[in-house]
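Have a look at the structure below, then the notes.
The values are calculated or read from the model by the stated rules, or taken from the named source; none is laboratory data. Everything quoted here is computed from the prediction, not taken from an experiment. Note: ideal-geometry Cβ built from the backbone for every residue, glycine included; neighbour counts use all protein chains shown. Calculation scope for accessible area: heavy atoms of the full protein, side chains included, ligands and nucleic acids excluded. Shrake-Rupley method; radii C 1.70, N 1.55, O 1.52, S 1.80 Å.
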Amino acid sequence: MNFSDIPPSFILILGACLVPLLPGKLKNVYTIVLPALAFFLISQLPETASFKISFFEGFPEMNLLRVDKLSKIFGYIFTLNACVGMLFAFYLKDNTQHTTALVYMGSALGVVFAGDLMALYIFWEFMAIFSALLILANRSRTSYFAAQRYLLVHIVGGLCLLAGILMHYQHTGSLAFQSLSFDEFGHDVGVWLMLIGILVNAAALPLGSWLADAYPSSSVTGGVILSAYTTKTAVYVLARAFPGWDPLLYIGCAMSVYGIIYALLENDMRRILAYSIINQVGFMVTGIGIGTAMALNGTAAHAFCHIIYKSLLWMSAGAVLYRTGKSKCTDLGGLYKSMPWTMILGTIGALAISAVPLTSGFTSKTIILAAAEHEHMGWVWLILEAASAGVFLHAGIKFPYFVFFAKDRGLRPKEAPASMLIAMGILAFLCIYIGINPGPLYDILPFEMEPYSAYHPGHVVAQLQLLMFSALVFFLFLPLLKRTDTISLDFDWFYRKGAKVFYNVADKSLNGLNKVAARLLLDGVTTRICSFATNASAGIGLIVLKPLWKATGSDAEQIKAQAFSFTENLNKGTSPVGFAAALMLAAMTILIAVVLI
Amino acid sequence: MSQPTKDSPPFWESKRNRIIMWIILYTTCLITLVLELFVHVEHPFHFIGFPLSSAVLGFVACTLMIIVAKGLALFLKKKVDYYEKDELL
């Protein structure tokens with residue numbers, strides 16, 4: 001085996017084990033170097049590389065390394081984001097967060113380079129576990145319960161995926177991780193189960209409320225790391241296995257609108273960004289549903305750029321949270337004076353997500369719309385175009401406006417630490433660089449397509465009109481958009497309230513049944529049987545002796561005393577042996593007769 | 001964490017500055033409309049095949065989204081402790 005056959009995931013997953021052993025800042029430097037090393041390894045991987053191991057007897061060898069342009073583009077952005085994310089976290093001394101983050105990111109790499117469905121599943125579950133641990137690492141009451149719910153949802157999703165894989169294997173005899181055409185597999189229950197399991201991770205409607213619940217409950221750096229990987233590995237798997245599946249068109253379009261509506265309702269700045277993830281992933285899922293080379297390239301390009309600007313947005317929100325301890329829009333505002341660089345860099349991210357010309361969103365997301373146009377999908381194009389306007393509304397303007405401007409609450413925190421600013425600066429630079437010069441990004445897109453350029457004058461003018469009139473609506477309707485200190489119910493209402501109802505029903509019915517059974521059987525019948533069995537001999541003796549004592553003239557008090565004495569002698573073994581034995585034999589005979597009857 | 005302080009008011013709290021910002025916003029919107037006179041904007045579908053369609057689409061779409069959000073807020077918005085008293089999950 002040579003260096004180029006090592007799965008990149010190994011570097012992060014195994015390298016994470018050394019983190020607790022390293023002292024001080026060396027630990028933080030190490031956490032940046034590891035993903036940089038993985039990035040370099042990916043750049044050297046030939047498409048012939050493979051890493052196979054035997055895992056289950058009776059199953060084919062598991063391939064942990066499959067390299068092509070699709071896996072490479074996701075590998076590049078995952079490792080690049082990991083480097084910058086760990087730079088952002090340079091102030092952090094928490095071994096738990098560093099270790100779980102590295103294993104989580106390594107597992108995402110494992111999914112991306114998985115060569116078959118079994119390898120995919122194993123890394124998939126690793127991701128679920130370590131992302132839940134990363135949420136728990138915030139060590140707050142909110143994160144404790146959020147991590148519980150997160151883990152339960154992802155266990156269900158993972159089981160769907162596993163069931164689907166096993167059914168698919170039984171049906172086809174193959175664990176190949178490859179494109180499954182809708183014509184051939186559109187009625188296959190196993191493949192649909194796989195799709196459902198993957199859509200849970202993609203936060204698809206209505207399975208995605210875990211995202212806005214869990215991510216904002218994580219720590220400052222946890223949120224930055226989490227925002228990139230789970231959903232984008234799902235996008236990768238969908239792009240690999242389900243290109244051109246029509247249901248994804250509807251799901252993606254619904255996600256893109258649902259994310260905007262809920263982001264408009266939200267008060268917490270990180271929940272706004274969480275719903276924004278769902279909105280953006282909706283574009284990617286729609287691109288996969290379109291399924292052409294251009295659409296899939298658009299999805300890959302959008303995922304690449306989205307990870308950059310979304311991380312930047314989460315970093316700016318994280319910096320505000322770090323300095324102020326607050327995340328609600330009702331508690332924030334007026335921070336442009338004391339956190340100007342955070343504001344400027346965050347605003348660049350906001351412009352990029354809105355696909356403002358000269359930013360990375362304009363040169364990536366618009367490929368998906370162009371693909372819809374090429375395929376004459378008018379309704380898809382219309383919904384995505386409307387959603388593009390909505391993105392500017394909720395992420396491009398609302399987020400920076402309510403956090404950095406709006407009502408001045410008098411907060412005057414210090415600017416973000418240098419490491420955070422440098423990390424944000426790197427991502428902001430990339431947002432603008434890719435917007436001005438998308439050539440290097442287009443060169444690594446996975447599929448061949450005709451040359452694309454977003455910078456037709458007509459396209460630029462149309463986009464500027466769309467965005468400026470979206471901005472006009474925001475400020476005209478600003479009185480309606482005032483923040484309130486509330487939460488918005490989502491689809492997780494069904495299992496959060498439902499869990500309480502289920503618990504109460506189970507408690508009342510099953511525990512109630514338990515109590516009745518205990519009272520009647522344990523305390524009642526069993527006790528009585530034990531008592532009878534213990535006193536059977538004496539009882540039979542008294543049945544015969546009491547009438548005799550009465551006949552000999554004993555009164556009630558004397559009979560009682562004689563009965564007590566008789567019972568005591570029998571229990572202590574001081575009555576005549578033969579008499580006692582005869583009584584015991586009689587008692588046993590009666591008991592056996594009762595049982596047999 | 002810092003304590004709230006009071007210093008000079010934000011620039012947007014001045015009525016004059018607010019008027020200036022509205023003028024800038026409307027002027028920018030107008031410029032994007034005027035540009036269409038000098039640049040050919042392709043309309044990919046017939047239902048969007050009229051002048052200034054992107055501006056109309058942006059305005060109408062965002063207005064609708066805000067109206068829908070406000071409507072949903074009537075029964076979706078709850079107090080922040082809505083789940084906490086029943087916290088099991």
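Numbers below:
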item	result
Exposure rank, largest accessible area first [A:HIS459, A:HIS168; 1.4 Å]	A:HIS459, A:HIS168
Debye log10 I(q)/I(0) for chain A, one point scatterer per Cα, at q = 0.06, 0.10, 0.13 Å⁻¹	-0.40, -0.82, -1.37
Integer Hz, Karplus 6.51/-1.76/1.60 couplings in order for the stretch A:122-133, x for Gly and Pro	4, 5, 4, 6, 4, 4, 4, 5, 6, 6, 5, 5
Surface accessible to a 1.4 Å probe, per residue, for the residues of the protein assembly as shown, Å²	43
Full-stretch length increase - A:ASP68, A:ILE590 - with 0.36 nm per residue and alpha-carbon distance subtracted	179.6 nm
Within 10 Å of each Cβ in A:452-465, the average number of Cβ atoms from other chains	6
Cα-projected label distance for A:PHE579 with A:ILE529, points at 7 Å along beta-carbon direction, nm	3.2
Chain A, helix-only ellipticity at 222 nm - DSSP H runs n ≥ 4, -39,500 (n - 2.57), divided by all residues, nearest 500	-23000 deg cm²/dmol
With all protein chains modelled, accessible area of A:LYS550 [1.4 Å, Å²]	150
Pairs beyond 28 Å (Cα-Cα), from A:LYS546/A:LYS572; A:LYS508/B:LYS70; A:LYS515/A:LYS572	A:LYS508/B:LYS70; A:LYS515/A:LYS572
Reachable lysines from A:LYS27, criterion Cα separation under 17 angstrom, eight or more residues apart if same chain	A:LYS93
A/B buried area, accessible surface, summed, 1.4 Å probe, Å²	5800
Per-residue HN-Hα couplings for the stretch A:288-297 [Karplus 6.51, -1.76, 1.60; θ = phi - 60°; Hz; x = Gly/Pro]	5, x, 5, x, 7, 4, 5, 5, 5, 5
A:MET62 long-range amide H proximity, modeled H, under 5 Å	A:ILE53, A:SER54, A:PHE55
Exposure ranking of A:ARG139, A:ARG323 by accessible area [1.4 Å probe, largest first]	A:ARG139, A:ARG323
A:GLU375 - accessible surface, heavy atoms, 1.4 Å probe, Å² rounded to 10	80
Quotient of C-alpha Rg and 2.2 N^0.38 Å, computed over the stretch A:12-159	1.10
Relative contact order for chain A, counting Cα pairs under 8 Å that sit 6 or more residues apart, in percent	12
Per-residue SASA entry for A:ASP268, accessible area with 1.4 Å probe, Å² rounded to 10	30
Carbon plus sulfur fraction of accessible area for chain A, probe 1.4 Å, in percent	69
Per residue, the convex hull volume that the Cα atoms of the stretch A:481-597 enclose (Å³)	211
Cα-only radius of gyration and Dmax that characterise the stretch A:369-462, units Å	18.5, 54
Placed amide H near A:ASP268: partners under 5 Å, 5+ positions off or other chain	A:CYS329
Relative contact order [Cα under 8 Å, 6+ residues apart], the stretch A:160-250, whole percent	35
Phi to ³J(HN,Hα) by Karplus 6.51 cos²θ - 1.76 cosθ + 1.60 over the stretch B:54-69, Hz, x for Gly, Pro	5, 5, 4, 4, x, 5, 5, 4, 5, 4, 4, 5, 5, 5, 4, 4
Simple Cβ-charge dipole of chain B, Lys/Arg +1 and Asp/Glu -1, about Cα centre, in debye nearest 20	400
